[in-house]
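A.B. asks: Below you will find the structure I want to go over with you.
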Amino acid sequence: MLIGAFTVAFIALTSFGTNEINEKVITPYQLKTVVIDPGHGGNDHGCSGTKNNEKTVALNLSLKLGAIIEKNYPGVKVIYTRKTDVFVELHERAAIANRNNADLFICIHCNANPSTSPFGTETYVMGLHKTEANLNVAKRENDVILLEDNYNQHYDGFNPSNPASHIIFSLNQHAFMEQSILFASGVEKYMKSHAKRSSRGVKQAGFLVLWKTGMPSVLIETGFLTNVNEEKFLGSDAGQTAIAESIFYAFRDYKNDMENNSGKVSEEKVIALEAEMTKKEIEGQTVAQSDLTAKGLAFNVQFYASATEESLAKFSSLNKENITFVKESGMYKYRIGPFATIEEATKKQSLAREGGYKDAFVIAVKDGKRISIEEAKALSAK
């Protein structure tokens with residue numbers, strides 16, 4: 001009788017232990033923490049329109065998105081890489097997400113183009129760029145590391161001034177590519193259906209801010225500040241609310257999908273998402289070409305020329321500006337811009353001269369070729 005009681009007790013004890021272990025093993029996936037990353041900030045203004053700059057719009061969008069998530073999902077922890085107008089280094093943005101064991105990283109930006117014609121949203125995941133346009137977006141966002149101290153130490157020797165570095169870096173793939181694409185496709189879906197924006201699709205490119213994140217991660221270009229109509233939309237409270245809501249709806253669907261499928265994406269869905277992404281990339285190449293030929297007029301401030309290529313770090317007095325260079329007639333010519341109007345370029349000319357470049361002057365470029373200021377003024381008038 002005693003032996004029988006002991007046996008029953010032992011079986012009950014071992015059964016309880018087994019169930020407890022099994023419960024730990026099959027604990028369902030939960031999306032508990034999201035990190036929202038407003039692009040740029042502080043002395044890094046990002047790109048600009050005629051009235052709005054990227055750092056401010058990105059912060060407003062991020063705070064609105066976070067508030068909506070917190071209201072609808074009180075159990076989800078929302079963390080921001082910045083909540084005020086401060087500069088945060090790219091590697092630290094990823095580190096914030098990693099330290100907090102985030103389940104999703106959402107980086108919010110605004111787009112720009114030398115032409116005022118391009119418009120629409122696009123959402124990026126880490127990977128190989130398939131078009132020159134994608135590469136140019138990554139270059140613009142990655143160039144911010146020139147404002148950081150000892151950036152070579154944080155990015156394994158990546159040099160944003162060397163075009164080859166961007167190409168090599170873009171070969172990096174992300175461990176959470178499938179989940180990232182799933183969320184990104186939801187963002188573009190709702191940008192189109194809810195915010196009534198034109199979607200340029202899900203794309204891949206080598207973004208430093210996504211590189212070291214240990215979770216699904218995307219970078220959202222919410223629209224072009226260099227497009228008059230989109231700048232007006234992005235700068236308005238109603239427009240920002242519509243975009244924040246669109247990203248939230250994508251978050252809601254993604255959360256439900258991941259939690260119902262143990263944090264995985266089915267192979268069939270992956271195939272369908274990648275096919276749609278490739279289709280959009282092909283369409284995007286056609287759009288990019290039409291963007292350039294539609295008007296293609298922009299203004300720059302040329303402030304320096306040299307027979308040898310210089311590091312952009314040399315121009316520290318202009319570190320808030322978007323600096324590019326071209327090689328013409330054997331000379332490297334350094335420029336600030338592009339700008340949509342000659343008035344904006346003239347203001348930056350004064351800034352460059354105050355920064356020590358007394359010979360800075362305004363130039364006009366149409367379809368990638370330099371034209372006279374007189375011709376540019378005539379085209380602008382039209």
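The values are calculated or read from the model by the stated rules, or taken from the named source; none is laboratory data. Here the structure is a predicted model, which means the values were calculated and not measured. Note that each Cβ is placed from the backbone with ideal geometry, even for glycine, and that neighbours are counted across all protein chains shown.
A.B. asks: Considering only the stretch 176-205, state which residues are within 21 Å of Ala242 (Cα to Cα) and in a helix (DSSP H, G or I).
C.D. replies: Leu182, Phe183, Ala184, Ser185, Gly186, Val187, Glu188, Lys189, Tyr190, Met191, Lys192, Ser193
Per-residue answers, yes or no, for (1) in contact with a helix residue (DSSP H, G or I) (Cβ under 6 Å, 6 or more places away or on another chain); (2) surrounded by fewer than 24 Cβ atoms within 10 Å (Cβ to Cβ); (3) of a type in the set (S, T, N, Q):
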position	(1), (2), (3)
Gly214	yes, yes, no
Glu230	no, no, no
Glu267	no, yes, no
Ala275	no, yes, no
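A.B. asks: Right, here's the next one. Of all residues in the stretch 206-258, which are closer than 28 Å to Arg99 by Cα, of a type in the set (S, T, N, Q) and not in a helix (DSSP H, G or I)?
C.D. replies: Correct list: Thr213, Ser217, Thr222.
A.B. asks: Look at Ser317 and say whether it is in contact with an Asp or Glu (Cβ under 9 Å, 6 or more places away or on another chain), surrounded by fewer than 20 Cβ atoms within 10 Å (Cβ to Cβ) and either over 19 Å from Asn53 (Cβ atoms) or not acidic (Asp, Glu) (or both).
C.D. replies: yes
A.B. asks: Residues of the stretch 359-377 being assigned to a loop (DSSP other than H, G, I, E, B) and under 29 Å from the mean Cα position of the chain (by Cα), which ones?
C.D. replies: Answer for the stretch 359-377, where residues must be assigned to a loop (DSSP other than H, G, I, E, B) and under 29 Å from the mean Cα position of the chain (by Cα): Asp367, Gly368.
A.B. asks: Of all residues in the stretch 298-314, which are in a loop (DSSP other than H, G, I, E, B) and of a type outside the set (Val, Ile, Thr)?
C.D. replies: If the condition is that a residue be in a loop (DSSP other than H, G, I, E, B) and of a type outside the set (Val, Ile, Thr), then Ala307, Glu309, Glu310, Ser311 are the ones that fit.
A.B. asks: Ser199 - would you say it is hydroxyl-bearing (Ser, Thr, Tyr), assigned by TED's automatic domain parsing to the domain that holds Leu104, crowded, with 24+ Cβ neighbours inside 10 Å and modelled with pLDDT of 90 or more?
C.D. replies: So Ser199 fails the test.
A.B. asks: Looking at (1) on the phi > 0 side of the Ramachandran plot; (2) assigned to a strand (DSSP E or B), which is the only condition Gly356 fails?
C.D. replies: Just one mismatch for Gly356, condition (2).
A.B. asks: Right, next: As an exercise: evaluate Phe207 against (1) at pLDDT below 90; (2) on the phi > 0 side of the Ramachandran plot and give the number of the one condition it does not meet.
C.D. replies: (2)
A.B. asks: Also: Filter the stretch 315-353 down to the residues that are under 10 Å from Val301 (Cα atoms), assigned to a helix (DSSP H, G or I) and of a type in the set (Ser, Thr, Tyr) and list them by number.
C.D. replies: Matches in the stretch 315-353: Thr346, Ser350.
A.B. asks: Next question. Mind listing just one residue for me: the one in the stretch 89-134 that is assigned to a loop (DSSP other than H, G, I, E, B) and of a type in the set (Ser, Thr, Tyr) and, of those, modelled with the highest pLDDT?
C.D. replies: The selected residue is Thr116.
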